[in-house]
């Protein structure tokens, strides 16, 4: 088994946590309201991860995530992920989800159809709820039918999801409305 490392880093939304091993990034923790709570959450999900300084590759990744969360478009699709231990269905869902660029969305049903499992929208939602690498696997870009927000398992729930979509200038999110 590979040794896991993590480090916290600053973003416009607060302190995030990046978790990695020899084969790539295995986790990204969105802010939990305080640095202490974010660190605790990393330990809950990755109990064997050791805190350390970011390496050069991880620093580039964390800087790019921070830039995205500050409003700079970046699909982050070239960041190496380690999905060892993630089931086949979830991997297929994550592959389709990673291809959704900033400012764009798909529905759970669209993702299900793209992996050849039409009618599996609920299973897609469950897979995204287990996503250990939000932002790098941009589950916030997957919506319920007819543009409804759907769920979001990160701290802040759908408020955080809407915030991420607004930061990315996704049409229908963050713009003032008349009603």
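Each value in this text was obtained by applying a stated rule to the coordinates, not by laboratory testing. A quick note: this is a predicted structure, and the numbers were derived from the prediction, not measured. In this analysis, Cβ positions are derived from the backbone assuming ideal geometry, glycine residues included, and neighbour counts consider all displayed protein chains.
Starting from the 7 Å offset along Cα-to-Cβ, what nm value, one decimal, do you get for the label separation of residue 3 and residue 99?
Between residue 3 and residue 99, the label points sit 3.8 nm apart.
Can you tell me the 0 to 90 degree angle between the C-alpha axis of helix 88-98 and the longest principal axis of the chain, rounded to 10?
Helix 88-98 and the main axis of the chain meet at about 80 degrees.
Go through (i) 46, 38, 26; (ii) 69, 29, 29; (iii) 44, 33, 31 and flag the label whose value is the computed Cα extents along the principal axes in Å for this structure.
Among (i) 46, 38, 26; (ii) 69, 29, 29; (iii) 44, 33, 31, the one derived from this structure is (i).
Order the peptides 25-37, 80-92 from the highest to the lowest mean number of other Cβ atoms within 10 Å of their residues. Could the numbers behind the result be given before it?
Numbers: 25-37: 19.5, 80-92: 14.8.
The peptides rank, most packed first, as 25-37, 80-92.
At 0.36 nm per residue, minus the direct Cα-Cα distance, what do residue 169 and residue 44 gain on full extension? Give it in nm, one decimal, please. Working shown, then result.
Numbers: separation 125, 0.36 × 125 = 45.00 nm, distance 3.21 nm.
Here the answer is 41.8 nm.
For residue 35 and residue 155 in the same chain, what is the full-extension length gain: residue separation times 0.36 nm, less their Cα-Cα distance, in nm? Intermediate values should be presented prior to the final figure.
Numbers: separation 120, 0.36 × 120 = 43.20 nm, distance 1.30 nm.
Separation in residues times 0.36 nm, less the Cα-Cα distance, equals 41.9 nm.
Given the Cα-Cα distance of residue 145 and residue 56 and 0.36 nm per residue of separation, how much length would full extension add, in nm?
Values: separation 89, 0.36 × 89 = 32.04 nm, distance 4.05 nm.
In short, 28.0 nm is gained.
Using only Cα atoms and rounding to the nearest 10 degrees, what angle (0 to 90) does helix 35-45 make with the longest principal axis of the chain?
Helix 35-45 sits at roughly 90 degrees to that axis.
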